[in-house]
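Trainee: Here it is: the structure, laid out below.
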Amino acid sequence: MQTLEKTLAKLDSDKAVAAFLTDLCTPAERRAITERWAVAQLLEQDELSYRDIRAKTGVSTTTIGRVARFLREEPHGGYRLALDKIADEKSKVDS
């Protein structure tokens, strides 16, 4: 059997990933994942307070703190890898 990670890495379009996640996750799980990713991107901009992020997204400050901890302190580095990849792609387009 393929791992979830390998399967996701092999999907070749946004549409394919969206379809897979829709089948894999409940609507609540999908919403939670989407919210966490939005929070990570807002934290990366470093312009808003937790209270401002909560007002903008509706996400609890507890979740915002958890995302911030994983973004800045935890060794896994998943948020960082994704954010850096997006930044790299954006800089290539801008140059």
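Trainee: Roll a 1.4 Å probe over the protein chains and send me the accessible area per residue for the chain in Å².
Mentor: 78
Trainee: Please state, rounded to one decimal and in Å, the Kirkwood hydrodynamic radius that the chain gives when every pair of distinct Cα atoms enters the mean of 1/r.
Mentor: That comes to 14.9 Å for the chain.
Trainee: Any idea what angle helix 27-45 forms with the longest principal axis of the chain, computed on alpha-carbon atoms, 0 to 90 degrees, nearest 10?
Mentor: Compared with the principal axis, the helix lies near 50 degrees.
Trainee: Calculate, for ASP14 and SER60, the FRET efficiency according to 1/(1 + (r/R0)^6) with r their C-beta to C-beta distance and R0 41 Å; round to the nearest 0.05.
Mentor: So the FRET efficiency works out to roughly 0.90.
Trainee: Hey, how many Å between the Cα centroid of the range 1-62 and the Cα centroid of the range 69-95?
Mentor: Here the two parts' Cα centres lie 14 Å apart.
Trainee: Given the -39500 (n - 2.57) contribution per DSSP H run of 4+ residues, what per-residue ellipticity at 222 nm results for the chain, rounded to the nearest 500 deg cm²/dmol?
Mentor: Per the formula, -24500 deg cm²/dmol.
Trainee: Sequence neighbours fewer than 8 away in the same chain don't count; with that in mind, list the lysines whose C-alpha is under 24 Å from LYS85.
Mentor: Once the sequence-local lysines are set aside, what remains near LYS85 is LYS6, LYS10, LYS15.
The values are calculated or read from the model by the stated rules, or taken from the named source; none is laboratory data. Just so you know, these numbers come straight off a predicted model, no measurement behind them. A quick note on method: Cβ atoms are made from the backbone with ideal geometry, for glycine too, and the neighbour counts reach across all protein chains shown. Ligands, DNA and RNA are stripped out before the accessible areas are found, and what is left, the full protein with its side chains, is counted by its heavy atoms. Shrake-Rupley method; radii C 1.70, N 1.55, O 1.52, S 1.80 Å.
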